[in-house]
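The values are calculated or read from the model by the stated rules, or taken from the named source; none is laboratory data. None of the values given here were measured: they were computed from a predicted structure.
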Amino acid sequence: MSDFLKTKGIEDINKIKFEDDNGNIEEKSWDSLSKEEKFNILNTPITQQEIKSSDNFTDEEIQLLNTIR
């Protein structure tokens, strides 16, 4: 999961940044998130440009991302 979250720009699953109602940034761990928050993160689209521009993706990861879409 942590490798997949890196594709979403989340480098550390224990420090996912959220903005609260007052505009303050707070950090939460993946395990503390609600199902809705996790779904929203996982449901964020990854563009083809992001896939092509990343040196961190293996062919298998690119195939997985395209399958998930």
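A few remarks follow.
- Meets criteria (modelled with pLDDT of 80 or more, polar (S, T, N, Q) and not in a helix (DSSP H, G or I)) for Asn22: yes
- Checking each residue in segment 27-69 for being modelled with pLDDT of 85 or more, in a helix (DSSP H, G or I) and aliphatic (A, V, I, L, M) picks out Ile41, Leu42.
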